[in-house]
There are 4 protein chains.
Amino acid sequence: MKNKIKAGIIGGSGFTGLELVKILSRHKYVDISFATSRKYKNLSVCEVFPAFNDKKDKKITFIEEAKEGDLEGIDIMFLCLPPFESMEYLKGISGDFSFKVIDLGSDFRLKNPIDYKYWYGTEHIMKGMLSDFIYGLPEINKEKIESSDHVANPGCYPTSILLGLAPLMKNDIDIIDICIDSKSGISGAGRKLKDEYLFTSMDSNFYAYSTIGHRHIGEIEQELENISGKKFKISFTPHLLPVNRGIFTSIYCRVGDSVESNMEEKIYYLFEKFCKDLPFVKFTGTEMPQLKDAVGTNMCLVGFGFDARTGTLKIFSVLDNLLKGAAGQAVQNMNIMMDFEEKEGLDFNGIF
Amino acid sequence: MKNKIKAGIIGGSGFTGLELVKILSRHKYVDISFATSRKYKNLSVCEVFPAFNDKKDKKITFIEEAKEGDLEGIDIMFLCLPPFESMEYLKGISGDFSFKVIDLGSDFRLKNPIDYKYWYGTEHIMKGMLSDFIYGLPEINKEKIESSDHVANPGCYPTSILLGLAPLMKNDIDIIDICIDSKSGISGAGRKLKDEYLFTSMDSNFYAYSTIGHRHIGEIEQELENISGKKFKISFTPHLLPVNRGIFTSIYCRVGDSVESNMEEKIYYLFEKFCKDLPFVKFTGTEMPQLKDAVGTNMCLVGFGFDARTGTLKIFSVLDNLLKGAAGQAVQNMNIMMDFEEKEGLDFNGIF
Amino acid sequence: MKNKIKAGIIGGSGFTGLELVKILSRHKYVDISFATSRKYKNLSVCEVFPAFNDKKDKKITFIEEAKEGDLEGIDIMFLCLPPFESMEYLKGISGDFSFKVIDLGSDFRLKNPIDYKYWYGTEHIMKGMLSDFIYGLPEINKEKIESSDHVANPGCYPTSILLGLAPLMKNDIDIIDICIDSKSGISGAGRKLKDEYLFTSMDSNFYAYSTIGHRHIGEIEQELENISGKKFKISFTPHLLPVNRGIFTSIYCRVGDSVESNMEEKIYYLFEKFCKDLPFVKFTGTEMPQLKDAVGTNMCLVGFGFDARTGTLKIFSVLDNLLKGAAGQAVQNMNIMMDFEEKEGLDFNGIF
Amino acid sequence: MKNKIKAGIIGGSGFTGLELVKILSRHKYVDISFATSRKYKNLSVCEVFPAFNDKKDKKITFIEEAKEGDLEGIDIMFLCLPPFESMEYLKGISGDFSFKVIDLGSDFRLKNPIDYKYWYGTEHIMKGMLSDFIYGLPEINKEKIESSDHVANPGCYPTSILLGLAPLMKNDIDIIDICIDSKSGISGAGRKLKDEYLFTSMDSNFYAYSTIGHRHIGEIEQELENISGKKFKISFTPHLLPVNRGIFTSIYCRVGDSVESNMEEKIYYLFEKFCKDLPFVKFTGTEMPQLKDAVGTNMCLVGFGFDARTGTLKIFSVLDNLLKGAAGQAVQNMNIMMDFEEKEGLDFNGIF
């Protein structure tokens, strides 16, 4: 039996942080040392999650801020902070820590400071650390993650997109004209008190947002290049679904070289090969995955169709934005970094 | 004051037929002579719609079948039937009628019998009548509708797509690579008793369907050619939203000729010009329309964005699939054919 | 043809105010002189309601505040303000106005200042005016409303409850032990930016709130006494439904005198008699009304069941909280006060 | 380490059966020997649940019917069948089996055949076995369940009601005039293909059903008598919520003896005492539990308020109808019968 590790969570008020607290509080090999949250300070997890009922053990209490003493004891730190705040936090404590770090925010995903400035509109304040962070998509970078102390957890949209495209990217198929239409549940927007996120605003509603230049494009193009060796300029348009959780991504693209007669079989084979041994990606063939299949689980489901009339390849992927798209993937990365079984603590039943 | 006309409705059990009964029962210049429905036969509208409360007048009762005597008295017939049934119905009574016809089904939208066979998989049984029916999109064909006795009401998806593309089609802008991602409320699937349409199946769900070769593609490509004089092969993918009503369409395309620096302004101008005098299409500029803005109204709202980085033009349109996408548009067509004010009976408040 | 009247609306930012603007802007006999709103100041109705498309007429613009000159021209004022603000507003302008007033808020519903203080926790600042305001439930007080210049529009819960109980209150049936369980859509909570009203908080959720001492109890007990001449102490518990609009009220009570064998028929007869000529209340007998039947309409639907085993009478009523429960009822009151047809401008189709 | 037991599931097509398959397929001490289902026959769990991804182990395949050989090997049988079918099934195989039985249906909950006939309208066909079945509410009958081979799993409504009332039933408080208003998600109605369960029928809807004489009343009154020694006639009214999962129950009652000044504290104390050591019931005091707190978990949350003005005690309880209200409770019962830890396999995170 393995020893338990100690984990610290910075930023436990948001949806991602809360989901992480939930998962880790029931992870066989993890003790949560602390979770910071202004909103929930001095409350225990049993008060924050009404259905938590542990009377004796796991009396995890949220604290307002992590002191130096808190940091000293931990083996791994999870950062669940808004853009710009992870780098500020790490800068503030830099030099002093010996723990591993998984950043669930967006500060360390882009490797090139110029790209960072282009997509985030400001200079990165810890450029030297950018290359330390491995882009934490285990289905692509598992070996690097295993030996790394710093992981940048991918964005929710990029995870759904990269897992849909990666199987075709390392191969002789030439994918061009990538046009992506993603739809996300509202928890993806975070927990902001805005008129537009009220129930009365979103119930039975649907719309596109950030239609030009969404920040996630940067990491998608970076990773597509890393996988394929080719440069891409993708069109990406996110939409908001009137549901709490889940992302459904529709990827439209073309096959650049002359379309072969057996294109569908070829694509089928490549997906099947890619997904064969992956615990958290399942290929559904030409059966379309549904949002509800993935919600409440750490799975990404991928299906496809090939429209021979127009030469359009259509790939559809679904995942839970708070699990495989955020906290679940972070724990998957932790499992890999800590040499636990990759699925440990992530075997959820789903809700449907 | 105009005289009232008499309308007959064939197929009053489905969502479209019921919506039509509702609208016409409160239309100033219309008396419903009859509405057929196996499901509701012998019930009055006040029994079918619990909130209808007319005690004295408008005692409209659903009948199982329209007899010859019923047909003789009417000025206009609305057909609200599934694919293949409109032509069968008209064939059964052909030769005998003097009323105008608006077909809300799909049998008379395609003008070329070869196209019909390609998209519907069977021979048309009234080929000779195909050219009699005007494609009833008033924003394009108003003059033809005015002088016509037969109108084929457009499909819900095609309405949302054509109103998004038409403004750019008659002009010197060369639109290419059209890739359409539509999302529809579940009433668009009709009132079928299938496991997949249960509340438990669709609540908080979302997925793509008919991903290859949806039948509406035929009428979209036909009308794009009619408007522009050019042939198109479009990629179209419909999805199901967990809402009752409404269609949100995202159209992605490119501008074929060298992209000009003022492309956005140019596109803006064309949309504004097209929508200026239309009662039921509103251009929202680069503000994104939302599904809830259109639901419960006969409006189609259209917005756009131009992504200069990738050269992608993104057009977004929304409408209520049962109103502007079906029964509302049928009444709009009737108003035009009967020389009523185009908005008569269609000035709904919406629900939000 | 009647002359148009001029209406002023104070408080056009909330759900009720907006709904009122919508209805009045399409009312045949009303011109909106102004609507105040800090949120929407300087915007036209066509900007606030994206589906409004009036190009020429009805260019209603929201203003921040109504000046003396604005007030002078109007025939009727609608107050759509939070608790305490209607009396403050009227006090501020008191003495100077000649227009009629309909208060959609809660300040003038209770007639006894002691009751007001009990339920609202503070002294009323215009006690002298309390008796000027008629409790605007037209199904009970139509004659008084006709001849009144001041109407206090009932609360949404009280409307659903009083219309369910009134038919039995004027009669020889002795109703006792009234226990009411109401369920309201979230728009009933107003448009507050609170964590608990976010989509992510309310989607697929349901709960009870204000379980002890909800303020609406005061006006319910007052009106029950007015109708029946008897005093009541009712138990009332409101709940929040994960829907935008609509109230469903379940009323449980007992019949005090010895239960007769034909109790069900007797109750049926009383309901039918009460509802017979009412344009906006429909009795559905022992068929249960559904929330969706009423949403989007100005109707209140009432059904009932009598449980002989336990002697429990169960009455169920539904309405749209923003229409018959607020803005629709206010316009109904206006129609009565102004001698328009009671249904004018209120003949909505509903959304289902 | 305990040995694994073998479980057989009869009726794996419905929501309850599927949920049970999910839970047991991940239970540390259980192997599913078979699950019968006409709908899913010959499919594996990984095909039925798209997010299941076990490649090597747990290759559970649904079979059409359990043969004698299938039954011989099992330690426990779960019956997930509609009313009347459990007793028919057991009668068909009676005499031959040595396994324990948990019936998730309603056939063996009532102990008195006269009650059974009253509530179910037909004679019980295995009267002799009624007393063999323990009413499987572990919070009341844990000791009997431990030593029993036959458990009748309670209904979903009765579980929510009994856990709300039981704490006050064994005591000197005299609870009278019990009036219960329950609201259930649609999965509670089972998986029937009916017009009324379509998404288009239930979205944004709400209504009461089976308002007189719902069958669950029988088992509620039976168990209240078992706990308290007193007879009750309760008023019970179920409603349908537009959500997939979850029951919210509002219990209204009075305290019969003279209301004491410290009634609220007394009730608080009794609830706290009752819930103290229960793994799956949590008392939330005067904080109201919310539906979303319980959905996706095996918890029942109970809160209360005491309205001194009217003498009404209001108790609110929530649970997930498919977990604590059905399959979760069945596994809890199995854990107790098999001497596993009561929480084994039931420690779900919930979805919110």
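None of the figures in this text is laboratory data; all of them are computed from the coordinates on show. Keep in mind the model is a prediction, meaning the values are calculated, not measured. Glycine gets a Cβ as well: all are built from the backbone with ideal geometry, and neighbour counts include every protein chain shown.
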Legend entry - Shape parameters for chain B, alpha-carbon atoms, Rg then Dmax in Å: 20.1, 65
Legend entry - Computed log₁₀ I(q)/I(0) - Debye formula, equal Cα scatterers, no solvent, the protein assembly as shown, q 0.08 Å⁻¹: -1.08
Legend entry - Nitroxide proxy distance, nm - points 7 Å out along Cα→Cβ at C:K41 and C:D132: 2.8 nm
Inset, instruction - Within the stretch C:278-332, report the trypsin sites (Lys or Arg not before Pro) that DSSP leaves as loop and that have at most 15 other Cβ atoms within 10 Å. - result: C:R309
Legend entry - the stretch A:154-204: trypsin sites (Lys or Arg not before Pro) in DSSP coil with no more than 15 other Cβ atoms inside 10 Å: A:K170, A:K192, A:K194
Inset, instruction - Output the antiparallel fraction of DSSP beta bridges having both residues in the stretch B:157-321, as a percent to the nearest 5. - result: 70 percent
Legend entry - Chain A residue with Cβ closest to the axis mapping A onto D, distance in whole Å: A:I351, 2
Legend entry - Cβ-vector label at 7 Å, C:S210, separations to other copies in nm: 3.3, 3.8, 4.7
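Where the only charges are on Cβ atoms (+1 Lys, Arg; -1 Asp, Glu), what is the dipole of the stretch D:157-321 about its Cα centre, to the nearest 20 debye?
Rounded to the nearest 20 debye, it is 400 debye.
Restricting to Cα pairs below 8 Å that are 6+ residues apart, what does the relative contact order work out to for the stretch D:157-321? Please round to a whole percent. The partial results should precede the final answer.
Values: 319 pairs, mean separation 51.1, N = 165.
Over the stretch D:157-321, the number comes to 31 percent.
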Inset, instruction - Counting residues in the stretch C:144-224 as N, plug N into 2.2 N^0.38 Å and put the Cα Rg over that result. - result: 1.39
Inset, instruction - Taking every pair of alpha-carbon atoms in the stretch C:208-252, give the share separated by more than 15 Å as a whole percent. - result: 53 percent
Inset, instruction - Work out, step by step, the length gained on full extension between B:E85 and B:K231: first 0.36 nm times the residue separation, then minus their alpha carbon distance; give nm to one decimal. - result: 49.6 nm
Legend entry - Cα convex hull of the stretch D:157-321 - mean projected area over all directions, nm²: 10.0 nm²
Legend entry - Candidate lysines for bridging to B:K170, where Cα separation is under 20 Å - those fewer than 8 sequence places away on the same chain excluded: B:K142, B:K144, B:K230, B:K231, B:K233, B:K266, B:K273, B:K276, B:K282, B:K314
Legend entry - Among B:F206, B:I220, B:L193 - extreme Cα towards positive end, dipole of the stretch B:178-227, charges at beta-carbon: B:L193
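Checking the table C:K39/C:K100; A:K22/D:K28; A:K292/D:K4; A:K67/C:K192; A:K292/B:K39; B:K28/C:K4 against a 28 Å threshold on Cα-Cα, which pairs fail? Could you put the intermediate results ahead of the total?
Working: C:K39/C:K100 26 Å; A:K22/D:K28 21 Å; A:K292/D:K4 31 Å; A:K67/C:K192 36 Å; A:K292/B:K39 32 Å; B:K28/C:K4 21 Å.
Correct reply: A:K292/D:K4; A:K67/C:K192; A:K292/B:K39.
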Legend entry - DSSP bridge orientation in the protein assembly as shown - percent antiparallel, rounded to nearest 5: 45 percent
Legend entry - Label-point separation in nm, B:E196 to A:E68, each point 7 Å along Cα→Cβ: 6.3 nm
Legend entry - Table column - 3J(HN,Hα) (Hz), the stretch D:207-212, Karplus curve with 6.51, -1.76, 1.60, x for Gly and Pro: 6, 8, 9, 6, 5, 10
Legend entry - Extended-chain gain in nm, criterion 0.36 nm per residue less alpha-carbon gap, B:Y268 and B:K4: 90.9 nm
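Please give the calculated 222 nm ellipticity per residue for the protein assembly as shown, where each DSSP H segment of at least 4 residues contributes -39500 (n - 2.57) and the sum is spread over every residue; nearest 500 deg cm²/dmol?
-8000 deg cm²/dmol
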Inset, instruction - Give me the percent of DSSP beta bridges within chain C that run antiparallel, rounded to the nearest 5. - result: 45 percent
Inset, instruction - Distance between Cα centroids, the stretch D:74-106 to the stretch A:105-124: provide it in whole Å. - result: 62 Å
Legend entry - Pseudo-label separations to other copies for A:E272 - Cα-to-Cβ vector, 7 Å, nm: 5.6, 6.3, 6.8
Legend entry - Per DSSP, loop GluC sites (Glu not before Pro) in the stretch A:31-116 with at most 13 further Cβ within 10 Å: A:E64, A:E65
Inset, instruction - Output, in nm with one decimal and in ascending order, the distances from the C:I93 label point to the matching label points of the other copies (7 Å from Cα along Cα-to-Cβ). - result: 5.7, 5.8, 7.8
Inset, instruction - Give the share of C-alpha pairs in each 5 angstrom bin for the stretch B:118-166, from 0 to the last occupied bin, in whole percents, shortest bins first. - result: 5, 19, 22, 22, 19, 11, 2
